[in-house]
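Okay, structure first, notes after.
The values are calculated or read from the model by the stated rules, or taken from the named source; none is laboratory data. Being a predicted model, the structure only gives us computed values, none of them experimental. Every residue, glycine as well, gets a Cβ built from its backbone with ideal geometry; the counts of neighbours run over all protein chains shown.
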Amino acid sequence: MLVTIPDVLKPEEVAHVRRVLESTDWVDGRVTAGDQAVKVKNNLQVPIDAPAAQELGQIILRALADNATFMTAALPLRVLPPMFNRYDVGMTFGAHVDGSIRAPHGQRMRTDVSSTLFLTPPEDYDGGELVVHDTYGTHTVKLPAGHMVVYPATSMHSVTPVTRGSRWASFFWTQSMVRDDWRRHMLYDLDRSIMSIRSRLPDDDPAVVGLAAHYHNLIRHWAET
Ligand code: NI
């Protein structure tokens, strides 16, 4: 399941993030790539322990905590510290699957959901599309600055070469309470249907109460915490 989430960051937050990133040091993105990805990865990243990455990461984590769509789509148990990357002209990231386990601060976490938060307006660069392959085909994603896409970390994906401008983004992983993408997808659809019914029926209507109970009991059944 691939979900795009608009307006995760407000325009003034995007502007602040970009201002801080403009004066930070970037290093070769291969430092965090695994054996296979390192051969197809060509971009720049802010070092994960750089003060700028930590300050900006907090802004993003706060925004995610307030974002109902992210919460219901990802069902987060833990969100890894957001990272920041950039693709200048000629840079690209070939097909790969993200590493399954990461250990920020020494604590091992499983990557269930991948997120890309776009930080450059699409009109400012050419190329740089995120291409995600899933069971339903190929999705090409290029979003306004401040918007985000979440997709299963099990998906093969790539970033097409940038041919003009520079594409900046934040990317990070989430360990979900529900590791299976198909179950997360069903819970997401059910939650959206409940929201839709609640806009038309009172909250004490037996259909609303019954569906809400069903949603919570499925979470109870499937969640690992
Ligand atoms: Ni990736």
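Those residues that are closer than 24 Å to Pro76 by Cα and part of a helix (DSSP H, G or I), I need them from the stretch 210-225; list them, please.
Hits for the stretch 210-225 are Leu211, Ala212, Ala213, His214, Tyr215, His216, Asn217, Leu218, Ile219, Arg220, His221, Trp222.
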Could you grab the pairs with beta carbons closer than 6 Å, sequence gap of 6+ or different chains, first residue in the stretch 29-46 and modelled with pLDDT under 85 and assigned to a loop (DSSP other than H, G, I, E, B), second one surrounded by fewer than 18 Cβ atoms within 10 Å (Cβ to Cβ) and small (Gly, Ala, Ser)? Gly34/Gly99
Restricting the stretch 110-129 to residues that are surrounded by fewer than 20 Cβ atoms within 10 Å (Cβ to Cβ) and within 16 Å of the ligand (Cβ to nearest atom), the residue that is nearest to Val149 (Cα to Cα): Glu129
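Please verify whether Thr163 is touching a residue at least 40 places away in the same chain (Cβ under 8 Å) and more than 15 Å from Ile5 (Cβ to Cβ), treating the condition exactly as stated. Show your work before the answer.
Values: touching a residue at least 40 places away in the same chain (Cβ under 8 Å): yes; more than 15 Å from Ile5 (Cβ to Cβ): yes.
So Thr163 fits the description; yes.
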Give the number of residues within the stretch 111-141 that are in a strand (DSSP E or B) and either touching a helix residue (DSSP H, G or I) at 6+ places or on another chain (Cβ under 6 Å) or of a type in the set (Phe, Trp, Tyr) (or both). 2
Search result, residues across the stretch 130-166 that are within 19 Å of Gly90 (Cα to Cα) and within 14 Å of the ligand (Cβ to nearest atom): Leu130, Val131, Val141, His157, Ser158, Val159, Thr160
Consider Arg78 carefully, then state whether it is farther than 22 Å from Trp168 by Cα, within 16 Å of the ligand (Cβ to nearest atom) and modelled with pLDDT of 95 or more. no
Determine if the stretch 53-70 includes at least one residue that is in a loop (DSSP other than H, G, I, E, B) and touching a Leu at 6+ places or on another chain (Cβ under 7 Å). no
